[in-house]
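Chemist: First the structure, then my questions, so here it is.
What follows draws every value from the coordinates through simple rules; no lab data is involved. Given the structure is predicted, the values throughout are model-derived calculations rather than measurements. Cβ coordinates were reconstructed from backbone atoms using ideal geometry, including for glycine residues, and neighbour counts include every protein chain displayed.
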């Protein structure tokens, strides 16, 4: 009886000693490479707000999106995961590029560059608004990035950049018009890419958790009739829990699946891989997949058709190719478009989260593992002491 009482006392004391540790683990602060992410007060969903620093916020009951007010950079996470402490992803529009497709694969590789400019070298205006139905219900919230002229003071100091084979030519692209008009619908949206000859692609935008972006590019200074345009983006997982990457960036292609992480770097040994478009669909995608569970949580998608409007008003649907390369701070994805001369180009990529992957709030999985190890340690201590007695 005395031994039993001693064992109980030992277990209680050990648990008390471990208690503060468990509490501190459960409240472990997160570190990210993103700006402060404190949601403006009195948020309701669906909603759109502008913070005191000009940052734009859009939220539904599933996804929260934070749009940088100085460069086209979007952070997104699950709304019930306050400020993205467990899971946070981002997409940044990096470079506008003119390239010559020397290997005839229709995609961009960095040894094909003719001219390029970092988009962070220009002024950007960001706006937000909503569409309200007759009954007062909000059916859509939106944000819009509009490119301006050269940024006063030069390149934005906090914007990510990629090393290129040659210097950027920001003045060459100063008058290029770029508009990124992003929409999140409360109900599924059914769209298509159609020209004067008919419909060439159909797509669906999921209501409530997918942000569709209409990208319009115009007044592009083509060097010759053979060159193409690429818009280069950076996809990455922001380190929500310390410095450890917790998600794979996974391609879904016709004949392969490629797994990458934000901290991988192939730039010293490999060129961009051409993305192999899947058959029987016009929507291509890259997913953010949780390492611990294997569950896909977020995505970047694009339609493999774009629309060119020529100066006379004629329209033509064209193919969109993509290529990708891990660069040590994310995966650089380049969307490539054919020459559109003096016309304009319109394309539809999107970002979003899967509702089935909404995390349960509370202690993160990693912390539960640490707590489990602590409990096992308590049991081991008790067993050892019991044997000695």
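Chemist: Residue 82 label point, 7 Å along Cα→Cβ, cut-off 20 Å on backbone N: hits in region 329-358?
Modeler: Flagged as within label range: 358.
Chemist: Going by a ≥ b ≥ c, the root eigenvalues of the Cα gyration tensor, does region 194-285 fall in the rounded group (a/c under 1.5), the prolate group (a/b larger than b/c) or the oblate group?
Modeler: Prolate.
Chemist: Would you kindly compute the Cα radius of gyration of region 235-328 and its largest Cα-Cα separation (Dmax), both in Å?
Modeler: 16.2, 54
Chemist: Continuing with the same structure: Can you give me the distance in nm between label points at residue 106 and residue 61, each placed 7 Å from the Cα along the Cα-to-Cβ direction?
Modeler: About 4.1 nm, to one decimal.
Chemist: Where q = 0.07, 0.09, 0.16 Å⁻¹, what log10 of I(q)/I(0) comes from the Debye formula for region 47-357, counting one point per Cα?
Modeler: Log-scaled intensity ratios, in q order: -0.25, -0.43, -1.54.
Chemist: Further, regarding this structure: Kindly state, to the nearest 0.05, the FRET efficiency for residue 187 paired with residue 319, given R0 = 35 Å and r defined as their beta-carbon distance.
Modeler: Computed FRET efficiency for residue 187 and residue 319 comes out at 0.75.
Chemist: In whole Å, how far is the Cα centre of region 59-138 from that of region 266-329?
Modeler: 14
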